[in-house]
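K.L.:
Sharing a structure with you now.
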Amino acid sequence: MHLEWYLPGPPLDLWLASTLAGARVCVVIRKGAGLGVAGRRARRWVRRWSRAQGPREAAEVVLVLTSFADPGRDPGLGEELAWLRPGMTVIEIAHHARGSLVRPRRRARRARAAGLERARAWLRAGLVEPVQWSPVDPHGVLVTWGRLCVAPADPTRC
């Protein structure tokens, strides 16, 4: 499958409020996330949910904030997400790294490549039926979400 464009989605704060209402949420803010204009805005909205989070063992939804990796580098999921279990909903909010001062066309191409790498990493980790879209506000953010079929630590379970 070759992805060229992402579907436009609703503003991130409204979507998070309606999607996460009543759910037990665990928030993971990865190293380097929340920098730059889009990253700061996304981090502000994600932090609203981190105040209400309980223990991660009881979470139904994990909300991950990360920045785009270099397109040529496998982004991986890291050890901080090895505790995920089948049936959990995963929502990842990825944004451009701070200081991304390349031409808009090149930045869009890099963002598409990085988004595809994020989708591949989550598919390898067991995310089924992943959906990727870009909210109309903030610009430069990519949302990937789906349900885990297997635990990253044990790929034989579903």
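K.L.:
Quick one: net charge around Asp13, please, counting Lys, Arg +1 and Asp, Glu -1 for every other residue with C-beta under 11 Å from its C-beta.
P.N.:
In short, +2.
K.L.:
Neighbour counts of other C-beta atoms within 10 Å: give me Asp137, Asp13 arranged from fewest to most.
P.N.:
Going from least to most buried by this count: Asp137, Asp13.
K.L.:
Taking H placed 1.01 Å from N in the peptide plane, check which residues at least 5 places from Ser67 or on another chain put their amide H under 5 Å from its amide H.
P.N.:
Counting only residues 5 or more places away or on other chains, the set is Ala33, His95.
K.L.:
Using the basic label-point model (7 angstrom from Cα toward the beta carbon), what is the Arg47 to Asp137 distance in nanometres?
P.N.:
My value for the distance between the label points is 1.9 nm.
K.L.:
For Arg120 and Ala82 in one chain, what is 0.36 nm times their gap in residues minus the Cα-Cα distance, to one decimal in nm?
P.N.:
Full extension from Arg120 to Ala82 adds 12.0 nm.
K.L.:
Could you compute the net charge surrounding Pro135? Neighbours are other residues with a C-beta less than 12 Å from the C-beta of Pro135; K and R count +1, D and E count -1.
P.N.:
-1
K.L.:
Which ³J(HN,Hα) values in Hz, rounded to whole numbers, follow from the phi angles of segment 11-16 under the Karplus curve 6.51 cos²θ - 1.76 cosθ + 1.60, where θ = phi - 60° and Gly and Pro get x?
P.N.:
Couplings: x, 4, 5, 5, 5, 4 Hz.
K.L.:
Near the amide H of Leu127, under 5 Å away, which other amide H atoms are found, from residues 5 or more places off or on another chain, if H is placed in the peptide plane?
P.N.:
Placed amide hydrogens put Cys149 under 5 Å from Leu127.
K.L.:
How would Glu57, Glu117 line up from fewest to most surrounding beta-carbon atoms within 10 angstrom?
P.N.:
Least to most surrounded, the residues fall as Glu57, Glu117.
Every number here is computed from the coordinates shown, using simple stated rules; none is lab data. On a predicted model such as this, the values are computed, not experimentally measured, just so you know. Quick reminder, even Gly has a Cβ in these numbers, built from the backbone with ideal geometry, and neighbours come from all protein chains shown.
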